[in-house]
Amino acid sequence: MTHDYSLIEPADAVQETPPALAIALIKLKIKYIAQLGNTIAEMDVLCPPPAPAVLTLESLLKLTRIAHKLAGSGKTFDLPSISDAGHALEIILAQAIEETDNNSLSPATQAKVKTATATLNKTCRLAISNIEPESLPEVVFPSPEKTVNQPVVLIATGSDMTTSGQLKEQLQYLGFKIQLVGNIASLAKHKGNAPPLVIIIVTSFSQKDTSAIQAYLKTRDALEASSPILYLASQNTFGMRLAAVRLRGDAFLALPVDHLQLIDKLGTLAERSRPYHYHVLIVDDDEMLATRYGIALEKAGMLVTILNDPKRALEIMDTAAIDLVLMDFDMPDCNGYELASMLRQMDNYIRLPILFLSAQPNLDSRLRHAHLGIDAFLSKPVTVEQLVQAVSGRAARSSVLHKFINEDSATGLLNHTRLKKELVLEISRSTRENSRFTYALLDIDHFKMVNDTFGHAMGDVVIKTLAHLLRQRLRLTDIIGRYGGEEFGVVLLNANAQQALRILQKIHMQFSSIIFTANKQEFNVTFSGGIAAFPTFSTDATLSLAADEALYKAKHRGRNQLVVASLNS
Amino acid sequence: MTNPIKRILCVDDEEDILAVVKLALETVGGFETRQCDSGADALAEAGSFHPDIILLDVMMPQMDGLATLKALRQDPATARIPVIFMTAKVQASEVKQYLDLGAAGVVAKPFDPMELSRQVEKLWKQLHAVDATALNDGAAPAAAGRRRLLEEKV
């Protein structure tokens with residue numbers, strides 16, 4: 001008989017869980033496991049391991065309750081083995097109860113009950129002994145085929161123009177999903193899951209095209225999120241450039257397009273529309289509320305750290321690069337005003353944006369706090385949209401400054417100085433949280449030869465391509481930097497050496513299959529890498545050294561490979 | 001168009017489950033929730049909280065899910081609130097029993113915290129779709145419409 005329409009089975013979908021929610025679930029899991037001790041004790045009393053006399057109906061019923069409870073909850077707390085064992089015991093108990101009712105509980109059935117109870121017991125004990133960082137959920141890295149939110153580039157073609165298919169192919173290698181939209185009018189009709197990263201319009205700015213573009217721009221006005229437009233014009237003339245500006249173009253290139261320039265421009269535009277991952281610290285003793293805000297901000301592309309105990313705020317700020325603090329004004333132990341005052345006293349945090357959430361937003365208190373340079377006072381209850389807006393606004397403004405200070409200007413990745421700082425920060429954080437990470441050094445092979453043979457502009461493109469690929473394939477929380485020249489440093493959080501190796505191998509394969517073209521010549525480029533894991537290597541000095549030596553080995557063994565550093569080298 | 005769900009009352013004797021349900025419904029689904037750890041508590045809260053849906057565990061000591069449902073149906077203030085059972089007992093015959101008693105649906109335990117909101121919303125939509133069907137046919141209360149659909153399937 002088929003399932004009833006109203007019965008919904010728990011689905012087996014694998015989803016990407018936002019970090020804040022994942023952590024909250026893990027905390028609940030640990031609480032659940034802590035209770036298992038009591039349950040185990042109960043089971044031992046009802047069905048003691050050494051042969052009991054006879055299992056009474058009462059004890060069978062009590063055991064059934066326990067088995068049923070565990071069967072119905074284990075998997076919810078990410079412990080499917082407990083659900084399975086509980087379910088198995090339930091079935092046997094049902095049989096035993098039936099037999100007991102008929103006054104004939106057979107020794108065979110009794111033995112089965114004992115075995116099943118012992119199994120359930122064992123799985124519970126295993127769960128308890130497993131609350132170690134090693135048992136945290138397996139890290140799932142996004143792969144391009146499965147990424148739902150792969151950035152899309154739309155190409156629309158004006159009425160008297162044609163678009164080359166080769167262009168589409170090359171761009172796809174870079175990890176963009178290219179969609180040929182057809183004529184300009186079709187742009188307005190395009191519907192996707194998210195606004196495209198960049199829109200390319202190939203046009204001669206004829207009367208017809210210009211009207212079509214204007215019509216399209218009108219439809220965009222209604223949407224908040226609008227993607228940058230790159231005009232590929234039929235000629236490089238003043239008139240065309242003017243038209244491009246008037247039609248709100250963000251970039252301009254003339255046909256025939258220089259392949260390198262196009263990739264370059266796309267890269268720049270793409271980075272511009274992907275916000276730097278603003279790191280927000282939420283300080284609120286209301287755990288549930290803080291989690292909700294955290295999730296909303298994560299969805300908007302920010303990194304979030306949540307703190308329920310304001311006393312730890314300063315310690316956290318010392319070990320993580322926080323860009324904005326969102327704090328509850330009315331906390332019992334230490335109110336927001338005091339915390340903000342403390343922060344303002346510290347040189348590092350004089351300009352740190354602070355947003356307050358308060359349930360009592362009277363004008364007086366706001367004025368009183370003006371001298372603290374509080375950026376904003378949001379009154380509770382604040383909607384999630386208001387919150388995201390308030391924080392993102394500041395994020396956008398601060399990102400320019402951040403870029404200047406922290407980023408390598410060519411690739412937009414972190415520069416050498418900042419990367420080294422991040423490594424130290426990461427060691428602190430991982431030590432504190434008892435977690436692990438992996439540091440990797442990647443070096444492009446024969447880079448000098450690329451420069452000498454094809455020119456520095458091409459070398460530049462190769463660098464930018466790898467930078468882009470790394471950004472695409474690694475996670476939001478991973479740290480990517482450029483060490484200058486052709487060397488990159490990557491910090492993969494919550495990954496051991498094997499996990500890091502796997503993802504870097506994928507990137508390695510992808511990069512080496514990209515076909516670069518220069519002067520009608522085609523060529524491939526590879527890189528070598530050295531990988532060192534924390535806490536196998538526990539200081540920034542030993543990590544750097546180990547990664548460096550592993551990289552050296554990779555080069556010496558013929559390049560185009562990745563080597564993991566081990567303690568005995 | 002179906003009105004969105006705003007408030008959900010969650011009833012389960014296990015504190016751990018209540019905590020996960022609250023987390024799942026509030027953070028993933030964005031609903032407002034309240035938790036009760038017994039049928040008696042649920043009867044008291046339902047009248048004042050006015051939930052759009054009640055998520056009800058079946059196996060509870062003292063007053064189990066079925067008894068709670070019956071009591072809810074007897075109070076005019078709570079009689080019309082749709083009830084979704086949460087249970088590991090999901091044999092077709094048992095599900096039929098729940099539906100006959102007037103439950104709107106069943107969510108199987110153990111549930112996936114990431115899926116719970118979606119499941120609740122799906123049941124909510126189906127519930128309103130059935131109501132709409134009943135309305136179009138000029139039939140009377142929603143319960144009758146549900147039963148008819150059940151019989152067709154079988």
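Only one entry in A:Val388, A:Val384 is crowded, with 17+ Cβ neighbours inside 10 Å and modelled with pLDDT of 60 or more, namely A:Val388.
With respect to A:Ile503, determine if the residue is exposed (fewer than 14 other Cβ atoms within 10 Å of the Cβ), in contact with a helix residue (DSSP H, G or I) (Cβ under 9 Å, 6 or more places away or on another chain) and of a type outside the set (S, T, N, Q). Spell out how you get there, then give the answer.
On the way: exposed (fewer than 14 other Cβ atoms within 10 Å of the Cβ): no; in contact with a helix residue (DSSP H, G or I) (Cβ under 9 Å, 6 or more places away or on another chain): yes; of a type outside the set (S, T, N, Q): yes.
Taking the combined requirement at face value, the residue does not satisfy it.
Could we say that A:Leu352 is at pLDDT below 80, touching a Leu at 6+ places or on another chain (Cβ under 9 Å), of a type in the set (A, V, I, L, M, F, W, C) and assigned to a helix (DSSP H, G or I) here? So A:Leu352 does not fit the description; no.
Looking only at segment A:101-117, decide whether some residue is under 18 Å from B:Lys109 (Cα atoms) and touching a Leu at 6+ places or on another chain (Cβ under 8 Å). Outline the logic, then answer.
Filtering segment A:101-117 for residues under 18 Å from B:Lys109 (Cα atoms) gives none.
No, because not a single residue in segment A:101-117 is under 18 Å from B:Lys109 (Cα atoms) and touching a Leu at 6+ places or on another chain (Cβ under 8 Å).
To keep it simple, each residue is scored yes or no on (1) assigned to a helix (DSSP H, G or I); (2) crowded, with 18+ Cβ neighbours inside 10 Å; (3) in contact with a Gly (Cβ under 9 Å, 6 or more places away or on another chain).
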position	(1), (2), (3)
A:Arg418	yes, yes, yes
A:Glu422	yes, yes, yes
A:Thr431	yes, no, no
A:Gly459	yes, yes, no
A:Lys464	yes, yes, yes
A:Val490	no, yes, yes
A:Phe511	yes, yes, no
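Just one of the listed residues (B:Val106, B:Val95) is outside any loop (DSSP other than H, G, I, E, B), in contact with a helix residue (DSSP H, G or I) (Cβ under 7 Å, 6 or more places away or on another chain) and surrounded by 19 or more Cβ atoms within 10 Å (Cβ to Cβ), and it is B:Val106. Only a single criterion out of (1) at negative phi; (2) more than 12 Å from chain B (Cβ to nearest Cβ) is not satisfied by A:Ser73, namely (2). Can you tell me which residue is nearest to the other protein chains (Cβ to nearest Cβ) among those in segment A:96-106 that are more than 17 Å from A:Leu46 (Cα to Cα) and assigned to a helix (DSSP H, G or I)? Looking at residues that are more than 17 Å from A:Leu46 (Cα to Cα) and assigned to a helix (DSSP H, G or I), I get A:Glu98.
Filtering B:Met114, B:Met63, B:Met59 for residues that are in a loop (DSSP other than H, G, I, E, B), free of Cβ contacts under 8 Å to residues at least 60 places away in the same chain, in contact with a helix residue (DSSP H, G or I) (Cβ under 7 Å, 6 or more places away or on another chain) and within 9 Å of another protein chain (Cβ to nearest Cβ) leaves a single hit, B:Met59. All of (1) more than 13 Å from B:Lys109 (Cβ to Cβ); (2) within 14 Å of chain A (Cβ to nearest Cβ) hold for B:Ile17 with one exception: (1). Taking the residues in segment B:77-94 that are among the β-branched types (Val, Ile, Thr) and farther than 22 Å from A:Ala88 by Cβ as candidates, determine which candidate is farthest from the other protein chains (Cβ to nearest Cβ). Per the stated criteria, the residue is B:Thr78. Scanning segment B:33-56 for residues that are under 15 Å from the mean Cα position of the chain (by Cα) and within 14 Å of chain A (Cβ to nearest Cβ) yields B:Thr33, B:Arg34, B:Gln35, B:Ile53, B:Leu55, B:Leu56.
Could you tell me whether A:Glu549 is in a strand (DSSP E or B) and over 11 Å from A:Ala440 (Cβ atoms)?
On the way: in a strand (DSSP E or B): no; over 11 Å from A:Ala440 (Cβ atoms): yes.
Considered against the rule, which asks whether it is in a strand (DSSP E or B) and over 11 Å from A:Ala440 (Cβ atoms), A:Glu549 comes out as no.
All conditions but one from (1) surrounded by 18 or more Cβ atoms within 10 Å (Cβ to Cβ); (2) modelled with pLDDT of 80 or more; (3) within 21 Å of the chain's Cα centre (by Cα) apply to A:Asp443; the one that does not is (3). Checked against the criterion of being more than 8 Å from every other protein chain (Cβ to nearest Cβ) and more than 13 Å from B:Leu69 (Cα to Cα), segment B:99-111 contains not a single residue that satisfies it.
Among residues of segment B:36-53 that are within 11 Å of B:Cys10 (Cβ to Cβ), those with a Cβ under 6 angstrom from a residue that is among the hydrophobic types (A, V, I, L, M, F, W, C) and assigned to a helix (DSSP H, G or I), sequence gap 6+ or separate chain, pair up as B:Cys36/B:Ala42.
The values are calculated or read from the model by the stated rules, or taken from the named source; none is laboratory data. All values reported here derive from a predicted model rather than from experimental measurement. Every residue, glycine among them, receives a Cβ derived from its backbone with ideal geometry; neighbour counts consider all protein chains shown.
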